[in-house]
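The values are calculated or read from the model by the stated rules, or taken from the named source; none is laboratory data. Computed from a predicted structure; not experimentally measured. So basically every Cβ, Gly included, is an ideal-geometry build from the backbone, and we count neighbours across all protein chains shown. For the accessible areas, the whole protein counts, side chains as well, though only heavy atoms, and no ligand, DNA or RNA atoms are used. Shrake-Rupley method; radii C 1.70, N 1.55, O 1.52, S 1.80 Å.
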Amino acid sequence: AQRVTQPEKLLSVFKGAPVELKCNYSYSGSPELFWYVQYSRQRLQLLLRHISRESIKGFTADLNKGETSFHLKKPFAQEEDSAMYYCALSGFQGGSEKLVFGKGTKLTVNP
Amino acid sequence: GAGVSQTPSNKVTEKGKYVELRCDPISGHTALYWYRQSLGQGPEFLIYFQGTGAADDSGLPNDRFFAVRPEGSVSTLKIQRTERGDSAVYLCASSLKASSYNSPLHFGNGTRLTVT
């Protein structure tokens, strides 16, 4: 079974500080991992996906298969980064491909 | 263009009643997903459609829950004999095709269901 764990429910940092949101996963196959973000009063939206190896809004995430992790990082947090962040894994389960989400981490960036 | 639209945005119903939640996906998106998000939790998969057929309904919690997508576009999630535990935000998402790797999910704003 596929599982995503985000150990921190809440994370608070000051503006300009580095931030790391942790994500660990469990999946027997080759995982496809994503970070979704939900800003206040907005819909859930894709932030980035591991296969693209992209940097979006200054965020990056590296897939570490040895540690089964996909932590989200940003060197200098901004106040507008405050949001709920969900790590998600796409994999086959029960004969079809599903996107499974972690419980989310609420990031607050203080001025 | 227009995103995924869900109606109503809020629904309050009494225990035991029947409710229908509607989802209008992005035009041309063949895959449609329903998720449920309870307080403090991440979205939990319920069912997904590829075209008109339910390709995977393994996430539906019991037979009180049912969903249809008769013409391969709009979908309706139906809940019979609602219970207080059904209270949650019901999210709909669509993608161009079933593989979420190639086609990220686009979410609606959700319907907040409250069962009193």
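Among the numbered criteria (1) surrounded by 21 or more Cβ atoms within 10 Å (Cβ to Cβ); (2) more than 10 Å from chain B (Cβ to nearest Cβ), which single criterion is violated by A:G104?
(2)
Can you spot a residue in the range B:71-90 that is among the aliphatic types (A, V, I, L, M), under 24 Å from A:L47 (Cβ atoms) and in contact (Cβ under 8 Å) with a residue 40 or more places away in the chain?
Yes; the residues of the range B:71-90 include at least one that is among the aliphatic types (A, V, I, L, M), under 24 Å from A:L47 (Cβ atoms) and in contact (Cβ under 8 Å) with a residue 40 or more places away in the chain.
I need the full set of residues from the range A:75-92 which are away from chain B (no Cβ under 12 Å) and either closer than 23 Å to B:F107 by Cα or touching an Asp or Glu at 6+ places or on another chain (Cβ under 7 Å) (or both), in order please.
Listed by number, the residues that qualify are A:E80, A:D81, A:S82, A:A83.
Would you confirm, using the coordinates I've provided, whether A:E8 is among the acidic types (D, E), out of contact with any Ser or Thr (no Cβ under 7 Å at 6 or more places or on another chain) and open to solvent by 30 Å² or more (accessible area, probe 1.4 Å)?
no
Take A:G29 and decide whether it is open to solvent by less than 50 Å² (accessible area, probe 1.4 Å) and on the phi > 0 side of the Ramachandran plot.
Against the criterion (open to solvent by less than 50 Å² (accessible area, probe 1.4 Å) and on the phi > 0 side of the Ramachandran plot), A:G29 does not qualify.
For B:D56, all conditions in the list (1) among the charged types (D, E, K, R); (2) away from chain A (no Cβ under 12 Å); (3) touching a Ser or Thr at 6+ places or on another chain (Cβ under 7 Å); (4) within 25 Å of A:A88 (Cα to Cα) hold save one; what is the number of the exception?
For B:D56, the exception is condition (2).
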